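Taken together, the values in this text are just the output of simple stated rules run on the coordinates, not laboratory data. Source: prediction; values computed, not measured. Please note: Cβ atoms are built from the backbone with ideal geometry, for glycine as well, and neighbour counts cover all protein chains shown.
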Amino acid sequence: MPQRLSVPDIAGIIGVDEDIITNALAREDEDIKPYLFVEPVITSQGDELLETLFGGEKRETEDHQTAFMLSVDGLSVLITKLAFNIPTSDLIENLACQVLHLTVLQEDIAELKREKEELQTQNEELEQRIKQVQTELMSLKASVTETAETKSRGWFRGVFGGGKSQVPSGKD
């Protein structure tokens with residue numbers, strides 16, 4: 001299923017008033033027809049109540065409302081059809097804005113790539129530093145453990161006597 005664009009989406013993309021686009025799609029031109037989808041607009045009872053509450057007139061006869069959708073593939077055909085009715089200066093201005101927008105996006109992308117590379121380099125340096133600190137930590141833990149064992153053996157000997165017996169012998 002091709003991606004469909006609503007009239008406001010098309011207006012945002014090509015920079016043309018929604019009314020102009022709606023009128024062009026409503027003509028159902030033979031070139032545009034294969035790409036055009038007409039969908040009914042469903043209004044709820046709540047919408048009608050809001051209209052009456054805020055001064056909208058309630059319609060005696062229900063108008064059949066529709067929304068136009070255009071597949072992405074038909075966008076170029078629509079632009080060609082609209083180009084006949086849009087002054088050239090407007091087209092040039094619109095294209096210039098789009099080129100400027102694309103240029104800014106490309107610059108942003110290049111800047112983001114540079115930042116990404118810098119962050120990756122910093123990340124690698126930090127990972128190496130973490131490994132060094134972990135190695136140093138393990139070394140310090142081993143040293144502390146060894147020192148604690150040595151001191152505890154010395155304390156144990158001091159309390160219970162050293163390797164030599166302190167008991168007097170009978171040869172005096």
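Other residues lying with their Cβ under 14 Å from the Cβ of residue 145 contribute a combined charge of +1, Lys and Arg counting +1, Asp and Glu -1. You can think of it this way: the chain between residue 109 and residue 93 has 3.3 nm of extra reach, that is 0.36 nm per residue less the Cα-Cα gap.
Across region 27-34, coupling constants 3J(HN,Hα) worked out from phi with the 6.51/-1.76/1.60 Karplus curve, θ = phi - 60°, read 5, 6, 4, 4, 6, 8, 3, x Hz, and Gly and Pro carry x.
Amide H contacts of residue 67: 39, 41, each under 5 Å away and 5 or more positions distant or on a separate chain (H built 1.01 Å from N in the peptide plane; Pro and chain starts excluded). The count of lysine pairs in region 98-160 with alpha-carbon distances below 28 Å, taking only pairs 8 or more places apart or on different chains, stands at 4.
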